[in-house]
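Enquirer: Take this structure first; my questions come after.
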Amino acid sequence: MTLESFGKVILFGEHAAVYGRASLALGLPGMRLVSLATGSAETRVRVRPWNLDESTRSENAVGRSLQTLLARFPGKSGHFEAEVEAFIPPSAGLGSSAALSVLLARTLAKHANTILENETVRRLAHEMETVFHGTPSGLDDTVATYGGLCLFRRTGWTEFPGFAKDFKAVTDTCLRSDIPTPPLVIGNSLVPRSTKTLVAAVRKEVESHPERAEGRLDAVERCTFEGARALLRKDWNALGKQFDRNHAILREFGCSHPTLETMIDLARKAGAKGAKLTGAGGGGCVVALAPGREADVAESWSSGGFDVVFMANPDKG
């Protein structure tokens with residue numbers, strides 16, 4: 001059995017999720033185990049094409065997360081060396097650390113000849129994510145474990161009225177595993193960004209102008225719910241409009257960047273029905289909805305010097 005995990009693209013709800021609003025994310029091809037060796041003196045992971053080679057002796061977040069995994073794993077485990085292939089770039093807002101955490105938990109279970117339920121894998125990955133991000137929401141490790149379409153709110157499943165018939169509840173989260181990937185294109189601006197800096201900037205706005213900020217956060221959640229409904233019925237026009245609305249609110253919060261605006265403008269000129277930043281903003285990635293025009297959007301970004309990291313062209317039925 002191939003061991004794998006998922007990356008993620010946030011379709012709606014960046015930053016608003018921190019303040020208890022709903023967010024919607026979609027699993028992407030993330031990582032898979034290439035080889036597993038035993039009998040080593042330390043646990044080591046090598047990730048291609050990230051040029052990452054770290055072990056439990058590494059004095060960084062990867063090393064500390066490996067130590068956390070070994071300490072929390074139930075039962076006898078020992079050490080292993082894993083070679084992993086990644087299908088998403090690191091540090092681009094696509095859930096790379098969560099994908100790595102989930103895959104390492106599954107790899108350790110395989111090494112120890114132990115079967116772990118998905119929820120145990122997610123909990124282990126969440127503890128590893130605290131090493132990377134301090135106080136993760138749980139969205140990334142949930143999508144990294146289960147894949148599919150994830151409607152998420154920190155306060156749980158019971159606060160998603162009207163979606164019970166469309167999603168199933170897993171760990172207080174709404175999941176839908178049978179949704180074909182919509183016609184998305186994801187591009188990397190290659191502009192470095194700091195999630196902590198962007199989160200702090202939004203928090204300053206919330207604290208300085210609470211009434212205005214709360215109104216914006218509520219508007220983002222409306223985008224999330226309307227976007228989820230549009231996606232379920234494959235209404236690309238409606239979904240694209242919600243992309244644009246969500247991005248406009250994030251721009252009001254100061255989360256965009258001139259390069260992201262350039263990418264969004266290029267995507268729209270190439271035929272996208274909507275486009276927005278995904279992740280914290282300030283750099284990182286843009287996601288565009290481009291049914292039938294995926295290749296055109298990808299070409300416009302490539303010609304502009306940006307990296308295309310994902311492109312889907314599903315049945316548009």
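The values are calculated or read from the model by the stated rules, or taken from the named source; none is laboratory data. Since the structure is predicted, the reported quantities are computational estimates derived from the model, not experimental observations. Every residue, glycine as well, gets a Cβ built from its backbone with ideal geometry; the counts of neighbours run over all protein chains shown. These area figures cover heavy atoms from the full protein model, side chains too; ligands, DNA and RNA do not enter into them. Shrake-Rupley method; radii C 1.70, N 1.55, O 1.52, S 1.80 Å.
Enquirer: Within region 138-167, count every residue that is closer than 23 Å to A86 by Cβ, in contact with a Leu (Cβ under 7 Å, 6 or more places away or on another chain) and in a loop (DSSP other than H, G, I, E, B).
Expert: Residues flagged as closer than 23 Å to A86 by Cβ, in contact with a Leu (Cβ under 7 Å, 6 or more places away or on another chain) and in a loop (DSSP other than H, G, I, E, B) within region 138-167 amount to 1.
Enquirer: Next question. Within region 88-125, work out how many residues are in a helix (DSSP H, G or I), more than 21 Å from L26 (Cβ to Cβ) and either at pLDDT 95 or above or of a type outside the set (K, R) (or both).
Expert: Of the residues in that region, 8 qualify.
Enquirer: Another one. Could you tell me whether any residue of region 97-118 is under 22 Å from the mean Cα position of the chain (by Cα), open to solvent by 60 Å² or more (accessible area, probe 1.4 Å) and not basic (K, R)?
Expert: yes
Enquirer: Looking only at strands (runs of 3 or more DSSP E) that fall completely inside region 168-210, which ones have 2 or more residues that are touching a residue at least 40 places away in the same chain (Cβ under 8 Å) and more than 28 Å from E119 (Cβ to Cβ)?
Expert: Because the criterion is at least 2 residues that are touching a residue at least 40 places away in the same chain (Cβ under 8 Å) and more than 28 Å from E119 (Cβ to Cβ), the strands (runs of 3 or more DSSP E) in region 168-210 that meet it are 184-188.
Enquirer: If you don't mind, another one. Within region 146-160, restricting attention to residues that are in contact with an Asp or Glu (Cβ under 8 Å, 6 or more places away or on another chain) and open to solvent by less than 50 Å² (accessible area, probe 1.4 Å), which residue is farthest from G93 (Cα to Cα)?
Expert: This residue is G156.
Enquirer: Of the residues S77, S58, which is of a type outside the set (K, R), out of contact with any Gly (no Cβ under 9 Å at 6 or more places or on another chain) and at pLDDT below 90?
Expert: S77 is the lone residue from the list that is of a type outside the set (K, R), out of contact with any Gly (no Cβ under 9 Å at 6 or more places or on another chain) and at pLDDT below 90.
Enquirer: Still on this structure, I have one more. Check G281, G271 and return the single one that is in a loop (DSSP other than H, G, I, E, B) and modelled with pLDDT under 95.
Expert: Every option except G281 fails the conditions.
Enquirer: Here is a follow-up. In this structure, does R193 turn out to be among the basic types (K, R), crowded, with 18+ Cβ neighbours inside 10 Å, over 30 Å from T120 (Cβ atoms) and at pLDDT 95 or above?
Expert: It is false that R193 is among the basic types (K, R), crowded, with 18+ Cβ neighbours inside 10 Å, over 30 Å from T120 (Cβ atoms) and at pLDDT 95 or above.
Enquirer: If you go through region 70-78 one residue at a time, do you hit one that is under 23 Å from R153 (Cβ atoms) and either surrounded by fewer than 20 Cβ atoms within 10 Å (Cβ to Cβ) or not acidic (D, E) (or both)?
Expert: For region 70-78, residues under 23 Å from R153 (Cβ atoms) and either surrounded by fewer than 20 Cβ atoms within 10 Å (Cβ to Cβ) or not acidic (D, E) (or both): absent.
Enquirer: Of the numbered conditions (1) over 30 Å from F243 (Cα atoms); (2) in contact (Cβ under 8 Å) with a residue 24 or more places away in the chain; (3) open to solvent by 30 Å² or more (accessible area, probe 1.4 Å), P29 fails exactly one; give the number of that condition.
Expert: Unmet condition: (1).
Enquirer: Name the residue that is surrounded by the most Cβ atoms within 10 Å (Cβ to Cβ), counting only residues in region 81-96 that are under 23 Å from H15 (Cα atoms) and among the hydrophobic types (A, V, I, L, M, F, W, C).
Expert: L94
Enquirer: Checking Q242 against (1) outside any helix (DSSP H, G or I); (2) under 25 Å from A22 (Cα atoms); (3) of a type in the set (S, T, N, Q), which test does it fail?
Expert: (1)
Enquirer: Looking at (1) assigned to a helix (DSSP H, G or I); (2) open to solvent by less than 30 Å² (accessible area, probe 1.4 Å), which is the one condition that is false for V18?
Expert: It fails just one condition, (2).
Enquirer: Something else now. Taking into account only those residues within region 253-268 that are outside any helix (DSSP H, G or I) and within 17 Å of N188 (Cβ to Cβ), which is most open to solvent (accessible area, probe 1.4 Å)?
Expert: Across region 253-268, the extreme among qualifying residues is H257.
Enquirer: Among the residues of region 215-252, what is the count of those that are without any contact (Cβ under 8 Å) to a residue 24 or more places away in the chain and either open to solvent by 20 Å² or more (accessible area, probe 1.4 Å) or closer than 16 Å to V9 by Cα (or both)?
Expert: So the count comes out to 9.
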